Amino acid sequence: MPLVLPQLYSPARVIRIPVEPHAVGDHVRKRRLGLKMLQKAVGDQLGVHKTCIRNWEANATTPEVRYMPAIIRFLGYNPLPEAKSWGERLVRHRKSLGLLQEHAAHLIGVDPSTLAKWERGEREPAGVFLEG
């Protein structure tokens, strides 16, 4: 009877390691494979099910913003694209902190629609919001 190895151990199986990761899932996959970790172990570390990791790595879904702080800790860097404008800087910083727009607006003391306009580049913060 021939020896049949499970797919996980099959020598013909090609494992895709992103050379230049673009999406957050690509960054997670590259780091996980570099550390030789299973998706379950990464999921446990990030507080999600292994299915989430699988979907992120396949770029089928993107991580919810609340998981970004844990992802940044796991990676050791921020995988979000560099910001080029004021609005993009606000979005990147808010997402890096794992905050939804409504919660971030509450924390800084503005209406959510105001923060949304700042993030879209329709308006820029003024007065006390530019200090500090």
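The calculated 222 nm mean residue ellipticity attributable to helices in the chain amounts to -14000 deg cm²/dmol, summing -39500 (n - 2.57) over DSSP H runs of n ≥ 4 and dividing by all residues. Over the C-alpha trace of region 86-130, radius of gyration and Dmax come out as 9.5, 26 angstrom. Relative contact order of region 40-83: 25 percent, from C-alpha pairs under 8 Å at least 6 residues apart in sequence.
The Rg/Rh ratio of the chain, with Rg taken over Cα atoms and Rh as the Kirkwood radius over Cα pairs, comes to 1.13.
Determine by what factor the alpha-carbon radius of gyration of region 7-75 differs from 2.2 N^0.38 Å, reporting the quotient.
Output field value: 1.07.
Taking only Cα atoms, what is the 0 to 90° angle, nearest 10, from helix 24-35's long axis to the longest principal axis of the chain? Helix 24-35 sits at roughly 50 degrees to that axis. Using a cutoff of 8 angstrom between alpha carbon atoms and counting only pairs six or more residues apart, the relative contact order for region 7-75 works out to 30 percent.
Entry note, the chain: relative contact order of 17 percent, from Cα contacts under 8 Å with a spacing of 6+ residues. The aspartates and glutamates within cross-link reach of Lys36, meaning a Cα-to-Cα straight distance under 18 Å and a gap of 8 or more places when in the same chain, are Asp26, Asp44, Glu57. For region 13-50, which trypsin sites (Lys or Arg not before Pro) are in a loop by DSSP, counting at most 16 other Cβ atoms within 10 Å? Passing sites in region 13-50 are Arg13, Arg16, Lys36. At full extension, Thr51 and Glu102 could sit 15.6 nm farther apart than now, given 0.36 nm per residue minus the alpha carbon distance. If the reach is capped at under 18 angstrom between alpha carbons, list the lysines near Lys40, excluding any in the same chain fewer than eight residues apart. Correct list for Lys40: Lys30, Lys50.
Check cross-link reach from Lys117 to the lysines: straight Cα distance under 29 Å, and skip same-chain residues fewer than eight apart. Of all the lysines, those that pass the test against Lys117 - Cα under 29 Å, at least 8 places apart if same chain - are Lys84, Lys95. For the pair Val128 and Arg66, a Förster radius of 30 Å applied to the C-beta separation gives a FRET efficiency near 0.60, rounded to the nearest 0.05. Our coupling estimate for region 69-75, obtained by passing each phi through the Karplus curve with A = 6.51, B = -1.76, C = 1.60 and θ = phi - 60°, is x, 5, 5, 4, 4, 4, 6 Hz, Gly and Pro reported as x.
The numbers here are math on the coordinates, done by the rules we state, and not lab data. Every value quoted in this text rests on a predicted model; they were computed, and no experiment measured them. With ideal geometry, Cβ positions are generated from the backbone for all residues, glycine too; neighbour counts draw on all protein chains shown.
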